[in-house]
Ligand SMILES: *Cc1c(COP(=O)(O)O)cnc(C)c1O
């Protein structure tokens, strides 16, 4: 496939780097390609950022046949731009494509097209401390047909937005509400796929938690409603008896690339890693006895989000003073962001320079 680059007539003004909001401002260009059964992927192009024309019967609008990804590009002190584990994202997207009966993409081609897009949009990768360029690949079913079956026509696209530091004043622990009613994913479902429907289904509980003053929902397993699954759209990690404990990937949990990275970094620091789901009782007893010393969520957008307290039904436990980031949480955050921004050596080969 030959990547076509279409001309850009009117570049937008650059946003103020000290005041970037997540996911609101998009760059000048986007990557787009089309799929048709029988023809495969075709017409890959980098074109001006613009709205799509979709038929009202486009299948994605009715049956949510959709998958997406999230990754980042970082500006390094020497001015160079680095991607973080981008092949992992394209491979994960293909796992999702198979589950959602969507066509797979050529990962190697997509990496080179993404690099070309970011080279052209290089000036949009912000320079201020803690900022980055958020990358959102997505695939949607565009065939117009009101019928529940895999579509014959798809659109794949990548849009980019410069984003600010998530925590402007350093890491800040959040308050978590453990849902005893709503669940995010069940065995046999689509919990391990980044597909839009999972997020639509999570909104109600998130709104309820926000109304009660909590920052995020912690999801429990659908079967027994006892075991920790994820928190918001992040993987959940605990420091328990000095070990890093996180739920195993058994189909209902998203295989986060930040999770993978944090587990590898912890092992490298000599911290034992246990992939085992803690129960709500273990969280409460662990905090009270001091065995559970730190807790944090992981995801590309926030990197690491420390947890200050958990509430389940009418009980709350506070970790430490509820306001201080734990030492291992901070060290993992500093190491991971150090690798991403090129302040620390990339011994794992995670960084892909443009
Ligand atoms: C994207 C996502 C994560 C985090 O994955 P990363 O690859 O680390 O960004 C975790 N859980 C859910 C539900 C997600 O959608």
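Every number here is computed from the coordinates shown, using simple stated rules; none is lab data. Remember, it's a predicted structure, so these values are computed and weren't measured experimentally. Note that each Cβ is placed from the backbone with ideal geometry, even for glycine, and that neighbours are counted across all protein chains shown.
Taking 0.36 nm per residue of separation and subtracting the current Cα-Cα distance, fully stretching the chain between residue 61 and residue 127 would add 20.0 nm.
When the Cα atoms of the stretch 212-289 are aligned to their principal axes, the ranges along those axes come out at 38, 30, 26 Å in descending order. Working note: Cα atoms of the stretch 8-78, range along each principal axis, descending, whole Å: 46, 25, 25. Taking Cα centroids, how far is the stretch 176-217 from the stretch 65-108 in Å? Answer, in whole Å: 23. Over the stretch 269-308, the pair-distance histogram of Cα-Cα distances with 5 Å bins from zero comes to 6, 18, 20, 29, 19, 7, 1 percent, rounded to whole numbers. Could you work out the equivalent-ellipsoid semi-axes for the stretch 113-252, taking the square root of 5 times each eigenvalue of the Cα gyration tensor, largest first, in whole Å? For the stretch 113-252, the semi-axes come out at 30, 26, 15 Å. Taking only the C-alpha atoms of the stretch 4-163, the Rg (one decimal) and the largest Cα-Cα distance, Dmax (whole number), read 16.3, 53 Å. Spacing of the modelled spin labels on residue 16 and residue 146, each 7 Å from Cα toward Cβ, amounts to 4.8 nm. Taking the alpha carbon gyration tensor of the chain, multiplying each eigenvalue by 5 and rooting it gives semi-axes of 35, 25, 18 Å, largest first. Only Cα sites of the stretch 174-340 enter the Debye sum here, all with the same form factor; the resulting log10 I(q)/I(0) across q = 0.10, 0.15 1/Å is -0.33, -0.77, listed in q order. Note on residue 54 and residue 321: with the Förster distance fixed at 41 Å, the Cβ-Cβ geometry gives a FRET efficiency of about 0.20. Computed over the stretch 225-267, the convex hull of the alpha-carbon atoms projects to a mean area of 3.4 nm². Three principal axis extents of the stretch 54-98 based on alpha-carbon atoms, in descending order, are 49, 23, 9 Å.
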